[in-house]
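Each remark here refers to the structure printed beneath this line.
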Amino acid sequence: MPYGRPRWRYLIGFVLLTTSLAWARSPASRHIQHTSGDEDALQLAVAGQDQWAWLIVGRPDPEKDVFVYRFARMEMTASRLEPMALIHPQRGTMQRWAAVGSALHVFYAADAVFTEPGAHYRYDRAGGGARARLPGPVMPLAVAGATSEGRSALWAVVSARTAEKVRENWQQARRSPLMGGAPRTATGPYDIDPATMPSTVPATLPGNDVPSHEPPDPSALHLVWFDGLLWRPGPTGPPDSAVAEQVWLAGGPADQLHLLWQDGDSSTRWHYARWDDPEWSIRASLQLAPDVEPIFAGVINRSLIVSTRVPAGDGTGGWHCRSWTWASDGQEGAWHELPPLRVSAEDDAEELTLPPGAAVGNFADKLVVLRPEEADAETATYEPLVGGGPERDFEDVRVSEWGPRTRTDRGWRDVAVTLAVAALVILVFWRRQDAVVGPSPLPEGVVIARPGKRIVAAAIDMLPAAAVVAIVWHAALVEFATAFWPAFTSGRAELIEQVPWPTTLVWAWVWFRILYAGYATACELIWQATPGKRLMGCHVRMENHAPAGTVPIIVRNVTKLVELEPYLLIWPFILVIFFTRHHQRLGDLLARTIVVERQADVPEIDDAGPRTDVPDDRE
């Protein structure tokens, strides 16, 4: 048997094993029945503020009992809907949502994707990811965005127990050395400067040096707010509001906070309170019919609007959208029903009937209506204070066309990538059989560098490129880490896959590879070794032990751009060094180079020729 043939057997066995494992993990040979886009199964949602409105279209997941959500956004400066193509389709079951500035915050229920309620995600045009949950974890009773002096904050209504945990966590964070003994704010695009936060919150606002130590009132609801990094204590709700079965929270400009709550499911009375610094002002209740329920509460054109679902009585589950507004007259005020929404602007047009699953929300001074239409969704805008026909007629909602990767897609992808990598490895090994099966003579005192030393040297040499990338893309890296870490620690593949890679991070990784490869090339051209290799006592040589030339050094380092491509699965390229006689990378095999180290007990030999200062035995 020729020398080294067993390594060929190991290599072929390794390739076949990895390919088989990839195929076994893949359900590619199985057929998955996809659920059709039944309009009754769609979950639609609208969340808006003065400048933006988010439209959310959820369809049943073909593999799990959850929804797959896609997003679009309306802007005041744009004449058409914009699909949020950079946001990966999200799996789960949305239960609370709110627009905060230009961003969208969503809270997911416990389901097949999220094992606990209240998973908190934030989305914007560049992507999205997980944010801090409310302690418990729990689902907030209601959420809303409020604006003050050009800054926006996410507010949530919680129980006294959750409010107490938020206060404890916040006080502990204030004492943390990482916080410097003072409230810490993040530096991402979703951050809020405490100095510009609403001034209408009492002593529990985290801007105060000494938070209140009194336990939260268990008979009232409580408000907390999110600063982009942590949940912070807010004001106590109106007295006796803790008995609420349903709660709506609306925020608007100039520190407005509006709270509506229902005592019980059978109650037709909705209590209303408005935050007027430094206390809640209890206003007249909204009395609704037994079969009418609120579906939206928000501030439109500086007026509080409450939209309700009124059964149409047509036997199909259709309903009419009737809205109410609060009109104040000095210290007094009353609820007034607004004109109904109609199909068109004609005088004799019939009232708009919406199908099950339709949703409404606000956008600037408009009311947005989002309804299912066959397997898709369409939207229109109305002027709620005027009623009548649509201000902007119904149009299709264009969302990102690409869908989430199913297990079948992922399986086929894994098989294809594994086969491509295996073919590349076999091709290189076949072209360089002499380096694999045949030993190459080395000078006395020189040995092949061990894989462990090469890995340590590579890690050292990556530090300069990593430092540059960390400085230039610091904000994007922090935001991605904030989104990725909760998903990674959960150990669930579904959550990890939902974390998108922003385009900025893709470029960061590209530049990391370019900087690393360029840095290694320059150092090896000058010293025949990188600083990491020099620290490990290693250097680069040709296979005949001659000094490495310019072209081989460039070839061995350019291949690092391919070897560090994450989509090609990096680990097969790393394992190649264990299947070559001289522990060569693919780049070394192509460039015919080796990495060697000198034995400590052997004097160094000058590459220029034999040493002349050694005495001759014949003398």
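The values are calculated or read from the model by the stated rules, or taken from the named source; none is laboratory data. Values in this document were obtained by computation on a predicted structure and should not be read as measured data. Cβ sites come from the backbone with ideal geometry, for glycine too, and all protein chains shown count toward neighbours. Ligands, DNA and RNA are excluded from the accessible area calculation, which covers all protein heavy atoms including side chains. Shrake-Rupley method; radii C 1.70, N 1.55, O 1.52, S 1.80 Å.
Pick out the one residue from Ala297, Ala244, Ala284 that is open to solvent by 10 Å² or more (accessible area, probe 1.4 Å) and more than 35 Å from the chain's Cα centre (by Cα). Don't jump to the end; show me each part of the working.
Numbers: Ala297 fails: more than 35 Å from the chain's Cα centre (by Cα); Ala244 fails: more than 35 Å from the chain's Cα centre (by Cα).
Matching residue, one of Ala297, Ala244, Ala284: Ala284.
Go through region 159-172 and count every residue that is surrounded by 22 or more Cβ atoms within 10 Å (Cβ to Cβ) and within 24 Å of Gly298 (Cα to Cα).
The number of residues fulfilling the criteria is 1.
Every residue in region 366-402 that is more than 27 Å from Ser303 (Cβ to Cβ) and touching a Ser or Thr at 6+ places or on another chain (Cβ under 9 Å), please.
Ala375, Asp396
Identify, by number, the condition in (1) surrounded by 14 or more Cβ atoms within 10 Å (Cβ to Cβ); (2) more than 20 Å from the chain's Cα centre (by Cα) that Glu444 doesn't meet.
Glu444 satisfies all of (1) surrounded by 14 or more Cβ atoms within 10 Å (Cβ to Cβ); (2) more than 20 Å from the chain's Cα centre (by Cα) except (1).
Being in contact (Cβ under 8 Å) with a residue 60 or more places away in the chain, of a type outside the set (Val, Ile, Thr) and part of a loop (DSSP other than H, G, I, E, B): is that true of Pro356 here?
Yes: the conditions hold for Pro356.
Which of the following residues is crowded, with 17+ Cβ neighbours inside 10 Å and at pLDDT 95 or above: Val369, Val397? Walk me through how you get there before you give the answer.
On the way: Val397 fails: at pLDDT 95 or above.
Of the residues listed, the single one that is crowded, with 17+ Cβ neighbours inside 10 Å and at pLDDT 95 or above is Val369.
Looking at (1) open to solvent by 40 Å² or more (accessible area, probe 1.4 Å); (2) among the polar types (S, T, N, Q); (3) under 20 Å from Asp393 (Cα atoms), which is the only condition Ser328 fails?
In the conditions (1) open to solvent by 40 Å² or more (accessible area, probe 1.4 Å); (2) among the polar types (S, T, N, Q); (3) under 20 Å from Asp393 (Cα atoms), Ser328 misses (3) alone.
Quick one: Ala466 ticks every box in (1) more than 28 Å from Ala126 (Cβ to Cβ); (2) at pLDDT 90 or above; (3) loosely packed, with under 15 Cβ neighbours inside 10 Å except a single one, so which number is it?
For Ala466, the exception is condition (1).
I'd like the residue in region 123-158 that is hydrophobic (A, V, I, L, M, F, W, C) and surrounded by fewer than 18 Cβ atoms within 10 Å (Cβ to Cβ) and, out of all such residues, is modelled with the highest pLDDT. Give the steps one after another, and end with the answer.
Of the residues in region 123-158, the ones hydrophobic (A, V, I, L, M, F, W, C) are 126, 130, 132, 134, 138-139, 141-144, 146, 153-158.
Now restrict to residues that are surrounded by fewer than 18 Cβ atoms within 10 Å (Cβ to Cβ): 126, 132.
Values: Ala126: 79, Ala132: 84.
Looking at residues that are hydrophobic (A, V, I, L, M, F, W, C) and surrounded by fewer than 18 Cβ atoms within 10 Å (Cβ to Cβ), I get Ala132.
Among all residue pairs at least 6 apart or on different chains, which show Cβ distances below 7 Å where the first residue, located in region 253-267, is loosely packed, with under 12 Cβ neighbours inside 10 Å and the second is modelled with pLDDT of 70 or more?
Here the result reads Gly264/Glu245; Asp265/Glu245, each pair linking region 253-267 to a residue that is modelled with pLDDT of 70 or more.
Is there any pair linking a residue in region 518-535 that is of a type in the set (A, V, I, L, M) to one that is open to solvent by 20 Å² or more (accessible area, probe 1.4 Å) and outside any helix (DSSP H, G or I), with Cβ under 6 Å and at least six apart or on different chains, and which?
Final answer for the pair search is Ala529/His539.
Which of the residues belonging to region 196-237 are at pLDDT 90 or above, in a loop (DSSP other than H, G, I, E, B) and either of a type outside the set (A, V, I, L, M, F, W, C) or surrounded by fewer than 20 Cβ atoms within 10 Å (Cβ to Cβ) (or both)?
Selection gives Gly237 alone.
Before we move on, is Glu383 surrounded by 15 or more Cβ atoms within 10 Å (Cβ to Cβ) and at pLDDT 90 or above? Walk me through how you get there before you give the answer.
Details: surrounded by 15 or more Cβ atoms within 10 Å (Cβ to Cβ): yes; at pLDDT 90 or above: yes.
So Glu383 fits the description; yes.
For region 498-613, please list each of the helices (runs of 4 or more DSSP H) lying entirely inside it that holds at least 3 residues being buried (at least 16 other Cβ atoms within 10 Å of the Cβ) and at pLDDT 90 or above. Quick ask: steps written out before the conclusion?
Numbers: elements: 503-527, 531-535, 550-558, 560-563, 570-575, 586-591.
Helices (runs of 4 or more DSSP H) meeting the threshold: 503-527, 531-535, 550-558.
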